[in-house]
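The values are calculated or read from the model by the stated rules, or taken from the named source; none is laboratory data. For clarity, every value in this text was computed on a predicted model and none was experimentally measured. For neighbour counting, all protein chains shown are included, and Cβ atoms are generated from backbone atoms with ideal geometry for every residue, glycine included. The accessibility values were calculated without ligands, DNA or RNA, using every heavy atom of the protein model including side chains. Shrake-Rupley method; radii C 1.70, N 1.55, O 1.52, S 1.80 Å.
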Amino acid sequence: MVNVLVIGSGGREHALSWKLSQSSKVDKVFTAPGNGGTENNISIDIDDLNALADFAQKNNCFTVVGPETPLAAGIVDRFNQMNLKIFGPSQKAAQLESSKIWAKNFMKRNGIQTARFEIFEDSKKAEEYVKSLDYNVVVKADGLASGKGVIVCNNTDEAIAAIHTILVKKTFGDAGNRIIVEERIDGIEASYIALCDGVTAIPMATSQDHKRIFDDDKGPNTGGMGAYSPTPVIDDILAEKIQNKIINKTLQSMKNEGIVFKGFLYAGVMIRDNEPYVLEYNVRMGDPECQPITMRMDFDLYDYFVASVDGTLSMMPQITWKNQSSVCIVLASEGYPESYLKDEEITGFDLIPKNAMVFHAGTKKQDVKILSNGGRVLGVTALGDTLASAISNAYIAAEKISWPHKYYRKDIGKKGLSYI
Ligand code: AMP
Ligand code: GLY
């Protein structure tokens, strides 16, 4: 038996810990630093690579990395040097997420469909460029900015303001030393995530996130306010197209460039006229997409993580999914993604029906109490025989949970219903 160390503290990490702890091969699951819902929390920061490696070594752990920051910092390379088993991409492979410019150039030289773009470090040149265009643009900071360095613009004035925010005001610090100005693609967005071992990519169930804070996709972008799986937005034909033209092509092109991609490869795609365009790559599971996806898994996730690390995914049996829909509703602190209160007591956990799970994100335990401790606080996730029933089950459960400044969207999954 082996122990597992899950690195991170969000809903995604709670869901991964929950699923991995069900494996007959796994003894104990530790989470660093974890949250109020995860067990065996270890108080080591996700950026303290030495302390994490030391812990994994002393406790015979197979390590699973949730968020992008330690991946971009090279945690996988560090663990590999010490002969420690760790699931996730190397620092070089993580560039697909850690540098948007690197990713765009990679797509361009390998013919992977994405929005047309130009790169700038000079704000005047960027302004002249957007003035010359006859289409709307999106302005993106190059580096990691916790999902906030992307500004979707409705006209030239907004584009100029966005350029100013990133390049002149440096709102995202050094992550905004360079920007991408790219064509805005208006279509339908979905998440396509595959488990990779450098050569083989096994698709996970499809899903759709809800990035904006308010109903009907209004207001600023967030880390994600809810997700459901599977999504009818990606039918079998489109899934095959994404798998071949994006995922397999990315994996093969990385290999051709001497980079072995292991871990979750997440393509955020926009679908326009039945064609998928890559908006972004992530080199990890999505959060909250991970929560409904793991609830539908009918296989031992640990086995597949090991096969990813060992490069043996092609030898694994086909994975199977619960033939049900799953919906995750993120309960957030009112005010998120701006400022919000913390330390409010959360109640109602004992009232949650059996078909639902409450994955914790921004929570902490204080004696027997659970307190809010972040913007996205909980991900209430439920199964149902249809998307409509999963939505209804998730909302019934979400309403059982209370705290003074609880906020959540009321329309999670609605976009999917309009497709059925
Ligand atoms: P990203 O972090 O690059 O995925 O961008 C965050 C969000 O901005 C995406 O989920 C989309 O909703 C939106 N977005 C990014 N790029 C584009 C684009 N080229 N066209 C339209 N929307 C975009
Ligand atoms: N939910 C979007 C992300 O994880 O990046």
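Condition first: open to solvent by less than 10 Å² (accessible area, probe 1.4 Å), closer than 14 Å to F359 by Cα and outside any helix (DSSP H, G or I). Now tell me which residues in the stretch 376-400 satisfy that.
V377, L378, G379, V380, T381, A382
Search the stretch 206-228 for residues being assigned to a strand (DSSP E or B) and farther than 24 Å from T386 by Cα, and hand back the single one that is nearest to ligand 1 (Cβ to nearest atom).
Of all residues in the stretch 206-228, those assigned to a strand (DSSP E or B) come to 207-209, 212-214, 218-221, 226-228.
When the remaining residues are screened for being farther than 24 Å from T386 by Cα, the result is 212-214, 218-221.
Values: R212: 8, I213: 13, F214: 14, K218: 13, G219: 12, P220: 11, N221: 6 Å.
The selected residue is N221.
With (1) out of contact with any Leu (no Cβ under 8 Å at 6 or more places or on another chain); (2) within 22 Å of A205 (Cβ to Cβ) as the list, and L313 as the residue in question, which single condition is left unmet?
It fails just one condition, (1).
Please find, within the stretch 134-183, the residue that is nearest to A94 (Cα to Cα) out of those that are touching a Phe, Trp or Tyr at 6+ places or on another chain (Cβ under 8 Å) and within 16 Å of ligand 2 (Cβ to nearest atom). Don't jump to the end; show me each part of the working.
Initial filter on the stretch 134-183 (touching a Phe, Trp or Tyr at 6+ places or on another chain (Cβ under 8 Å)): 141, 143, 145, 148-149, 163, 166-167, 178-183.
Next cut, within 16 Å of ligand 2 (Cβ to nearest atom) only: 141, 143, 145, 148-149.
On the way: A141: 17, G143: 12, A145: 15, K148: 18, G149: 18 Å.
The selected residue is G143.
List, please: which pairs have Cβ atoms under 7 Å, are six or more places apart or on different chains, and start with a residue in the stretch 19-31 that is surrounded by fewer than 17 Cβ atoms within 10 Å (Cβ to Cβ) and end with one that is not in a strand (DSSP E or B)?
K25/M1; K25/Y302; D27/M1; K28/N40
When the residues of the stretch 47-94 are filtered to those that are open to solvent by 10 Å² or more (accessible area, probe 1.4 Å) and in contact with a Ser or Thr (Cβ under 6 Å, 6 or more places away or on another chain), which remaining residue is farthest from K365 (Cα to Cα)?
Checked the stretch 47-94; the qualifying residue farthest from K365 (Cα to Cα) is D77.
Return yes or no: is P404 assigned to a loop (DSSP other than H, G, I, E, B), more than 20 Å from H14 (Cα to Cα) and more than 20 Å from the chain's Cα centre (by Cα)?
Working: assigned to a loop (DSSP other than H, G, I, E, B): yes; more than 20 Å from H14 (Cα to Cα): yes; more than 20 Å from the chain's Cα centre (by Cα): yes.
Here the answer is yes, as P404 does meet what is asked.
Only one residue in D197, D186 is open to solvent by less than 20 Å² (accessible area, probe 1.4 Å) and of a type in the set (D, E, K, R). Which one? Before the answer, list the steps.
Details: D186 fails: open to solvent by less than 20 Å² (accessible area, probe 1.4 Å).
D197 is the lone residue from the list that is open to solvent by less than 20 Å² (accessible area, probe 1.4 Å) and of a type in the set (D, E, K, R).
Restricting to the stretch 258-281, name every residue that is more than 16 Å from ligand 1 (Cβ to nearest atom), touching a residue at least 40 places away in the same chain (Cβ under 8 Å) and open to solvent by 10 Å² or more (accessible area, probe 1.4 Å).
Taking the stretch 258-281 first, the residues more than 16 Å from ligand 1 (Cβ to nearest atom) are 258-263, 274.
Cutting the leftovers down to touching a residue at least 40 places away in the same chain (Cβ under 8 Å) gives us 259-263.
Scanning the stretch 258-281 gives I259, V260, K262.
Quick one: S23 ticks every box in (1) touching a strand residue (DSSP E or B) at 6+ places or on another chain (Cβ under 7 Å); (2) more than 16 Å from ligand 1 (Cβ to nearest atom); (3) among the small types (G, A, S); (4) outside any strand (DSSP E or B) bar one, so which box is it?
(1)
Going by what's in this entry, would D142 be described as away from ligand 1 (no atom under 13 Å from the Cβ) and either touching a Lys or Arg at 6+ places or on another chain (Cβ under 6 Å) or of a type outside the set (A, V, I, L, M, F, W, C) (or both)?
Numbers: away from ligand 1 (no atom under 13 Å from the Cβ): no; either touching a Lys or Arg at 6+ places or on another chain (Cβ under 6 Å) or of a type outside the set (A, V, I, L, M, F, W, C) (or both): yes.
Answer is no for this residue.
What residue, among those in the stretch 100-112 that are surrounded by fewer than 17 Cβ atoms within 10 Å (Cβ to Cβ) and either within 17 Å of I242 (Cα to Cα) or of a type in the set (D, E) (or both), is farthest from ligand 2 (Cβ to nearest atom)?
Looking at residues that are surrounded by fewer than 17 Cβ atoms within 10 Å (Cβ to Cβ) and either within 17 Å of I242 (Cα to Cα) or of a type in the set (D, E) (or both), I get G111.
Could you name every one of the strands (runs of 3 or more DSSP E) located completely within the stretch 156-205 that has at least 3 residues being touching a residue at least 12 places away in the same chain (Cβ under 8 Å) and farther than 19 Å from K104 by Cα?
Working: elements: 179-183, 188-197, 201-203.
Per the criteria, 188-197, 201-203.
Since D310 meets every condition but one in (1) out of contact with any Asp or Glu (no Cβ under 6 Å at 6 or more places or on another chain); (2) within 25 Å of G413 (Cα to Cα); (3) away from ligand 2 (no atom under 16 Å from the Cβ), which condition does it not meet?
(2)
For the stretch 282-307: of the residues being in contact with a Gly (Cβ under 8 Å, 6 or more places away or on another chain) and open to solvent by 10 Å² or more (accessible area, probe 1.4 Å), which is farthest from ligand 2 (Cβ to nearest atom)?
Selected residue: R284.
Hand me the list of helices (runs of 4 or more DSSP H) wholly inside the stretch 57-102 holding 1 or more residues that are within 16 Å of ligand 1 (Cβ to nearest atom) and either of a type in the set (S, T, Y) or at pLDDT 95 or above (or both).
Numbers: elements: 68-72, 75-81, 95-98.
The helices (runs of 4 or more DSSP H) meeting that bar are 68-72, 95-98.
Would you check if there is a residue in the stretch 120-137 being within 23 Å of the chain's Cα centre (by Cα) and either at pLDDT below 95 or open to solvent by less than 30 Å² (accessible area, probe 1.4 Å) (or both)? Write out each step before concluding.
Restricting attention to the stretch 120-137, the residues satisfying the condition of being within 23 Å of the chain's Cα centre (by Cα) are none.
No, every residue in the stretch 120-137 fails to be within 23 Å of the chain's Cα centre (by Cα) and either at pLDDT below 95 or open to solvent by less than 30 Å² (accessible area, probe 1.4 Å) (or both).
Taking T231, is it more than 30 Å from K28 (Cα to Cα), assigned to a loop (DSSP other than H, G, I, E, B) and within 16 Å of ligand 1 (Cβ to nearest atom)?
Details: more than 30 Å from K28 (Cα to Cα): yes; assigned to a loop (DSSP other than H, G, I, E, B): yes; within 16 Å of ligand 1 (Cβ to nearest atom): yes.
For T231, the condition - more than 30 Å from K28 (Cα to Cα), assigned to a loop (DSSP other than H, G, I, E, B) and within 16 Å of ligand 1 (Cβ to nearest atom) - is met.
Please work out which one of (1) on the phi > 0 side of the Ramachandran plot; (2) in contact with a strand residue (DSSP E or B) (Cβ under 7 Å, 6 or more places away or on another chain) is the condition V380 fails and give its number.
(1)
Can you spot a residue in the stretch 28-50 that is under 21 Å from I247 (Cβ atoms), small (G, A, S) and touching a Gly at 6+ places or on another chain (Cβ under 9 Å)? Step through it out loud before you land on a result.
Taking the stretch 28-50 as the starting set, the residues that turn out to be under 21 Å from I247 (Cβ atoms) are none.
Checking the stretch 28-50: not a single residue is under 21 Å from I247 (Cβ atoms), small (G, A, S) and touching a Gly at 6+ places or on another chain (Cβ under 9 Å).
Considering only the stretch 71-88, I want to know if a residue exists there that is under 24 Å from G173 (Cβ atoms) and among the polar types (S, T, N, Q).
no
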